[in-house]
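Quick notes on the structure that follows.
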Amino acid sequence: MSGFVEKPEPIQVPGLTHLHTGKVRDLYENEAGDLVMVASDRISAYDWVLPTEIPDKGRVLTRLSLWWFDRLADLVPNHVISTDLPAGAPADWAGRTLVCRALDMVPVECVARGYLTGSGLAEYDQTRTVCGLALPEGLVDGSELPAPIFTPATKAAVGDHDENVSFEEVARQVGADTAALLRRTTLDVYARARDIARERGIILADTKFEFGFDGERLIIADEVLTPDSSRFWPADQWQPGRAQPSYDKQYVRDWLTSPASGWDRRSEQPPPALPQDVVESTRARYLEAYELLTGTAWA
Ligand SMILES: Nc1ncnc2c1ncn2[C@@H]1O[C@H](COP(=O)(O)OP(=O)(O)OP(=O)(O)O)[C@@H](O)[C@H]1O
Ligand SMILES: [Mg+2]
């Protein structure tokens with residue numbers, strides 16, 4: 001079982017048509033045909049959108065994505081048109097709403113990995129490959145890879161796992177030229193972001209991008225380089241051979257799998273509400289990631 005523990009009702013705003021409720025973002029179309037993307041405070045873990053929100057998370061993800069878009073602009077154009085609140089939108093959408101170019105999205109999760117962990121490690125342990133790419137012997141959880149790799153995945157519906165696929169499979173689905181462009185752009189953006197993060201004492205272990213086309217032009221969309229789309233590790237605590245501490249939902253995952261939650265991941269039951277201390281620690285972690293990366297105070 002998976003999906004929303006409680007599916008939120010879309011908010012009605014005159015002039016906006018609700019398109020989709022994603023795990024974290026709500027999508028609307030405005031009268032000009034642009035996409036209005038509203039980042040909520042929802043959090044997902046183990047394929048569930050949890051019933052408890054993390055205050056300010058939507059604003060952190062939005063502000064951080066905008067900060068990164070600025071730093072990537074010479075590498076790839078992005079989908080942002082405006083940060084102005086659409087007329088008639090609720091005041092609490094401020095700071096977490098972006099008016100974006102509505103793109104023809106490429107149905108591939110474009111993942112770059114510089115370090116081995118997660119689903120990459122699971123595949124490596126079985127076959128010494130990740131997405132079909134051969135890797136050297138002797139790598140462990142958290143090892144730096146000889147060079148960053150493009151490890152695409154197919155996008156799953158809410159509640160399903162994304163599935164890692166080979167570059168050849170992506171080429172079959174979207175064409176060889178587009179596949180090569182996705183790989184090149186993903187790795188270029190990863191390298192830029194990795195270097196920026198590294199100067200701030202953070203390892204960008206891996207990250208996921210989504211791209212779309214505006215006519216012939218490839219554009220980077222969605223959110224970029226946030227704790228939801230990336231694994232950020234404190235560099236001074238990096239120690240291959242174990243799970244690394246991470247600026248993301250680690251508290252949530254740890255609590256959900258601890259006896260305190262009373263929840264069995266493998267059961268049919270939806271996960272329970274998060275206790276206040278887990279909410280606070282998680283919020284603090286998101287804010288810390290923002291402040292360390294951007295070098296500016298949140299408040
Ligand atoms: N410029 C864009 N044009 C069209 N769609 C976009 C654009 N930017 C992002 N999206 C889509 O908006 C959605 C963002 O919502 P969110 O991140 O909550 O979804 P998700 O749970 O990751 O995926 P999904 O909603 O498909 O299950 C994604 O489906 C993403 O592909
Ligand atoms: Mg998403």
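What follows is calculated from the coordinates using simple rules that are stated; it is not laboratory data. Note that the coordinates shown come from a computational prediction; the quantities given were computed from them, not determined experimentally. In this analysis, Cβ positions are derived from the backbone assuming ideal geometry, glycine residues included, and neighbour counts consider all displayed protein chains.
Summary of computed values
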item: FRET efficiency, Asp188 to Lys23 (Cβ-Cβ, R0 30 Å, nearest 0.05); result: 0.65
item: Whole-Å semi-axes of region 98-164's equivalent ellipsoid (Cα gyration tensor); result: 27, 14, 10
item: Förster radius 45 Å - calculated FRET efficiency between Ala273 and Ala176, Cβ distance, rounded to 0.05; result: 0.40
item: Arg253 versus Asp74: modelled label distance in nm, points set 7 Å from Cα along the beta carbon direction; result: 3.5
item: Proximal lysines relative to Lys7, as straight alpha-carbon distance under 24 Å, when same-chain residues fewer than 8 apart are discounted; result: Lys23, Lys57, Lys155, Lys249
item: Rounded to whole Hz, the Karplus (6.51, -1.76, 1.60) HN-Hα couplings of region 109-114, x for glycine and proline; result: 7, 8, 9, 10, 10, x
item: Mean-position separation - Cα centroids, region 4-71 and region 235-265, in angstrom; result: 25
item: Binned Cα-Cα distances of the chain, short to long, each 10 Å bin given as a whole percent; result: 6, 26, 37, 25, 6, 0
item: From phi via Karplus (6.51, -1.76, 1.60), per-residue ³J(HN,Hα) for region 209-217 in Hz, x at Gly/Pro; result: 10, 10, 10, x, 10, 10, x, 8, 8
item: FRET efficiency, 1/(1 + (r/R0)^6) with R0 22 Å, evaluated for Arg266 and Glu144 via beta carbons; result: 0.10
item: Mean projected area in nm² (Cα convex hull; one quarter of hull surface) for region 104-237; result: 8.4
item: Ala87 paired with Ile11, simple spin-label distance in nm, labels 7 Å along Cα-to-beta-carbon; result: 1.8
